[in-house]
Amino acid sequence: NIGGINEWTNIDIVNLLCEKIDSLFRDNESYRIKYPDCPASKGVSTKTLITYVKDRLGHDRRYAIDATKIMNELNYKPQETFETGIQKTILWYLDNDSWLKKILNIA
């Protein structure tokens, strides 16, 4: 198992995504123009899109990987934190919407 040496609950990941998106849209007018229907384009937090549902049996509440073995045997250390990696991922998706539309078959 290769892990990031951290642990997040699902809702904390969702909140982090919303905060990152809100910040990117607040600081970059081109995203507000490109995605006018996004709440962040209108000055509203994307957290307003969160919908809570009744938990399903067996639903994961968190994800965690013990990376001790790879750290000890291969001296592994992640080059990115979860926060910096998720920021890069969000930016990639915002900047590559044509790829996403093609994958979703909505181009």
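The values are calculated or read from the model by the stated rules, or taken from the named source; none is laboratory data. Just so you know, these numbers come straight off a predicted model, no measurement behind them. We place every Cβ from the backbone using ideal geometry, glycine too, and count neighbours over all the protein chains shown. The accessibility values were calculated without ligands, DNA or RNA, using every heavy atom of the protein model including side chains. Shrake-Rupley method; radii C 1.70, N 1.55, O 1.52, S 1.80 Å.
Side notes on the structure shown:
- Of the set (1) more than 30 Å from Lys77 (Cα to Cα); (2) touching a strand residue (DSSP E or B) at 6+ places or on another chain (Cβ under 9 Å), all apply to Thr9 but (1).
- Yes/no for Arg56 being touching a strand residue (DSSP E or B) at 6+ places or on another chain (Cβ under 8 Å) and within 24 Å of Cys18 (Cβ to Cβ): no
- Helices (runs of 4 or more DSSP H) fully within the chain that include at least 2 residues being open to solvent by 70 Å² or more (accessible area, probe 1.4 Å), touching a helix residue (DSSP H, G or I) at 6+ places or on another chain (Cβ under 7 Å) and β-branched (Val, Ile, Thr): none found.
- Asn75, sole failed condition from (1) more than 18 Å from the chain's Cα centre (by Cα); (2) modelled with pLDDT under 90: (2)
- Those residues of the stretch 3-62 which are at positive phi and at pLDDT 90 or above, in sequence order: Gly43
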